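One structure is given here, and the rest of the page talks about it.
The values are calculated or read from the model by the stated rules, or taken from the named source; none is laboratory data. Fair warning: this is a prediction, and the values are worked out from it, not measured in the lab. Cβ sites come from the backbone with ideal geometry, for glycine too, and all protein chains shown count toward neighbours.
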Amino acid sequence: MKPTALLAALLALTAPAAAHDLWLDPTGSGVQVLYGHPHEPELPSAGKLMSLSAYEPAGAVALKARLEAGPAPTLSAAHRGDALFAAAYDNGYWVRLPDGSYRNASKRMLPQADKSLWSVKFAKAVSGPAAAWGTVVGQTLEIVPLEAPTSASGQIRVRVLFEGRPLDGASVVATDGVSFKSEADQARATTDGSGVAVVPLRRAGPQVLGVSHRVTPSQTPALADADSYGATLAFTVIDPKTN
């Protein structure tokens, strides 16, 4: 599998499937759940989507995602009005076997595995000027913008939280959620001691920020060696002056 923008910068993990990403795309009539890599998304598993919510000005609303059949099937939910969307996705346990192959299983089932992890994804998306973009929704790994994303110009200040606390030294990468970019072409920034990073935005239009964090040992050591967390934040910059 060739490297991709979010693969190379978000998740330095052991299994290709664990290195896939989750992000949200507001559609105007709701939100679509996307999984995989920006330039080659795959259909996410509805059974692995643990939650999908819309944070409206009046409060949070749980959304029901449905698989829409067609030439290009999608997993999406209907919603009207401005909102901050948030999702959680349990990608399960992954192991690498001695022959180099990967299985979506725990090391308890495949004790001969030489590496193993549990993979979970979180995603947020800002839709509309009245969206509560600064809301901390309580995801285990979360990107929180510190300024209005839609009016950002050239860069955006964000804070990365892990278990509710600032995460120091995390690499935040910016892509458009569509195009492949080599690692050399990626815009990125590293969080400081307060979890804050100033992330360059190279052009107006769709933006997807992403970050990853890995914890060893796993909270379930009988099943995995490490826990792998990924988080994204999607928004659209409308300022044409963005680089």
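Would you point out which residue out of Ala62, Ala72 is surrounded by fewer than 20 Cβ atoms within 10 Å (Cβ to Cβ), farther than 17 Å from Thr232 by Cα, of a type outside the set (Phe, Trp, Tyr) and at pLDDT below 95?
On the way: Ala62 fails: at pLDDT below 95.
The unique qualifying residue is Ala72.
Of the residues making up segment 95-150, those that are within 18 Å of the chain's Cα centre (by Cα) and either assigned to a strand (DSSP E or B) or of a type in the set (Ser, Thr, Tyr) (or both) number 18.
Can you list the strands (runs of 3 or more DSSP E) lying wholly within segment 187-243 that have 3 or more residues being in contact (Cβ under 8 Å) with a residue 24 or more places away in the chain, at negative phi and out of contact with any Gly (no Cβ under 7 Å at 6 or more places or on another chain)? Even if it seems obvious, please write down each step before you answer.
Working: elements: 187-190, 196-200, 205-215, 226-237.
In segment 187-243, the matching strands (runs of 3 or more DSSP E) lie at 196-200, 205-215, 226-237.
Looking only at segment 83-109, how many residues end up being of a type in the set (D, E, K, R), buried (at least 16 other Cβ atoms within 10 Å of the Cβ) and closer than 14 Å to Asp225 by Cβ? Final tally of qualifying residues: 2. Listed by first and then second residue, the pairs linking a residue in segment 23-36 that is closer than 10 Å to Ala123 by Cα and among the basic types (Lys, Arg) to a residue that is modelled with pLDDT under 95 and crowded, with 24+ Cβ neighbours inside 10 Å, with Cβ atoms under 6 Å apart and 6 or more places separating them unless they lie on different chains, form an empty list.
Output yes when any residue across segment 155-170 is charged (D, E, K, R) and touching a Pro at 6+ places or on another chain (Cβ under 8 Å), and no when none is. Don't jump to the end; show me each part of the working.
First, the residues of segment 155-170 that are charged (D, E, K, R): 157, 159, 163, 165, 168.
Next, from what is left, pick out any that are touching a Pro at 6+ places or on another chain (Cβ under 8 Å): 157, 159.
Yes, because at least one residue in segment 155-170 is charged (D, E, K, R) and touching a Pro at 6+ places or on another chain (Cβ under 8 Å).
Selection within segment 151-173: residues that are part of a strand (DSSP E or B) and among the charged types (D, E, K, R). The member of this set that is surrounded by the most Cβ atoms within 10 Å (Cβ to Cβ) is Arg159.
The residue that is surrounded by the most Cβ atoms within 10 Å (Cβ to Cβ), counting only those in segment 110-127 that are in contact with a strand residue (DSSP E or B) (Cβ under 8 Å, 6 or more places away or on another chain) and without any contact (Cβ under 8 Å) to a residue 60 or more places away in the chain, is Ala113. Checked across segment 3-10, the condition of being surrounded by fewer than 20 Cβ atoms within 10 Å (Cβ to Cβ), at pLDDT 90 or above and either under 16 Å from Ala87 (Cβ atoms) or out of contact with any Phe, Trp or Tyr (no Cβ under 9 Å at 6 or more places or on another chain) (or both) holds for no residue.
Residues in segment 124-177 that are closer than 25 Å to Thr27 by Cβ and touching a helix residue (DSSP H, G or I) at 6+ places or on another chain (Cβ under 8 Å): 6 in all.
(1) touching a His at 6+ places or on another chain (Cβ under 6 Å); (2) closer than 18 Å to Ser228 by Cβ: which one isn't true of Ala54, the others all being true? It is condition (2) that Ala54 fails.
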